[in-house]
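Taking it in order: structure first as structure tokens, then the write-up.
The values are calculated or read from the model by the stated rules, or taken from the named source; none is laboratory data. None of these values were measured; they are calculated from a predicted model. Please note: Cβ atoms are built from the backbone with ideal geometry, for glycine as well, and neighbour counts cover all protein chains shown.
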Amino acid sequence: MIDQLTRLKPWMLASRPRTLPICLAPIMVGTFLAFAIVQRIDWFLATSSFLSVLFLQIGTNLVNDALDFPKGADTKERLGPKRMTQAGLLSFKQTFRGGLICFGVAILIGTPLMITGGWPFAAILFFSTLCGYLYTGGPVPLAYYGLGELFIFIFYGLVAIPSAFYLQTKFVNQTVFIGAIQMGFLAMIPNAVNNLRDRQSDAKVDKKTLAVRFGTTFACWEITFFAIIPFIVGIAWWFVNQPYLTLFPLGSSPLAFRLIKTIWETKQGTSYQASFAQSILLIFSFGLLLAVACLMRIAE
């Protein structure tokens, strides 16, 4: 039993479990925005959505772990959490193959979504899987050309939330994109924090993240912007007669300001672990409060 747990631990670490709330939050928000309208939830489809996105994210993390090492992005000098391929705890072949298997599992679990949603959902699942690989792999890896944040905004905001909403309602209205934009901005923060942390090591291997291209001050302002904009966008809920959806997420604003304060006060050359943890907590708290606001709307 102990040997099995020992063998499993590197895989758990490579999956980066601390990042997994990022994929739960948009599915939760999209599902409860739909619940506020139709007042029912198809839990099978909601669970399938979450698990499919979960395995897409784990697959992306594993492929990233595998491919960053030979490209020189993961070295012993790296400030962040240990990467399994770089540390020699898993081989390149193991992590890369594990990532591809997770992509396959995501597609398999997503089969009910494709049956329910038709060819648009098949296309979404295919391109999401492809982009998960291209995030670090392929001839033009997204993360190496400063496109990581854009991919995250599109996938975890503009795709995940309307998709989860549609599966419950069979339609998409314009207001769902308010929540999509809010969660999309929040989802970009952990990646921006990591890029700020790794700016110097990324520059050495020509990984042209936004932090590398424009510098530390820009990266701090970028994170500040990502943390504040969701609350400003939330005012739009008020104008579509959804005041609860404006007010409830404000409960997470102290977390946003704490994150901003930590980012600006953290010295270069440190791990930014506190900032990363705060960003994950902000995403989940904001999403949870938005979901609770949907329930309050029904309770009126």
Open item on the list: Can you tell me how many residues within the stretch 88-97 are modelled with pLDDT under 80 and either surrounded by fewer than 16 Cβ atoms within 10 Å (Cβ to Cβ) or of a type in the set (S, T, N, Q) (or both)?
Closed with: 1
Open item on the list: Condition first: in contact with a Gly (Cβ under 7 Å, 6 or more places away or on another chain), touching a residue at least 60 places away in the same chain (Cβ under 8 Å) and either over 18 Å from Phe44 (Cα atoms) or among the aromatic types (Phe, Trp, Tyr) (or both). Now tell me which residues in the stretch 139-165 satisfy that.
Closed with: Tyr156, Gly157, Phe165
Task: Given (1) over 20 Å from Leu282 (Cα atoms); (2) small (Gly, Ala, Ser); (3) buried (at least 21 other Cβ atoms within 10 Å of the Cβ), number of the condition Ser201 does not satisfy - done: (3)
TODO: Could you run through the stretch 242-294 and say how many residues are touching a Ser or Thr at 6+ places or on another chain (Cβ under 7 Å), within 13 Å of Met183 (Cβ to Cβ) and aromatic (Phe, Trp, Tyr)?
DONE: 1
TODO: Could you tell me whether any residue of the stretch 39-55 is without any contact (Cβ under 8 Å) to a residue 40 or more places away in the chain and among the hydroxyl-bearing types (Ser, Thr, Tyr)?
DONE: yes
Task: Check on Ser275, at pLDDT below 95 and either under 15 Å from Phe185 (Cβ atoms) or crowded, with 22+ Cβ neighbours inside 10 Å (or both) - done: yes
Task: Condition check for Ala106: part of a helix (DSSP H, G or I), among the small types (Gly, Ala, Ser) and surrounded by fewer than 18 Cβ atoms within 10 Å (Cβ to Cβ) - done: no
Open item on the list: Please verify whether Phe155 is of a type in the set (Phe, Trp, Tyr) and surrounded by fewer than 23 Cβ atoms within 10 Å (Cβ to Cβ), treating the condition exactly as stated.
Closed with: no
TODO: With the checklist (1) closer than 22 Å to Leu289 by Cα; (2) assigned to a helix (DSSP H, G or I); (3) of a type in the set (Lys, Arg) in hand, flag the one item Arg40 doesn't pass.
DONE: (2)
Task: Filter result for Ala192 (closer than 26 Å to Asn61 by Cα and either touching a helix residue (DSSP H, G or I) at 6+ places or on another chain (Cβ under 7 Å) or at pLDDT 95 or above (or both)) - done: yes
Open item on the list: Considering only residues that are small (Gly, Ala, Ser) and either buried (at least 20 other Cβ atoms within 10 Å of the Cβ) or in a helix (DSSP H, G or I) (or both), which ones fall in the stretch 109-136?
Closed with: Gly110, Gly117, Ala122, Ala123, Ser128, Gly132
Open item on the list: I need a count of the residues in the stretch 137-179 that are over 13 Å from the mean Cα position of the chain (by Cα) and part of a helix (DSSP H, G or I).
Closed with: 16
TODO: Starting from the stretch 199-216, keep only residues that are free of Cβ contacts under 8 Å to residues at least 12 places away in the same chain, then list their pairs with residues that are part of a helix (DSSP H, G or I) whose Cβ atoms are within a distance under 6 Å, requiring at least 6 positions of separation or different chains.
DONE: Ala203/Val212
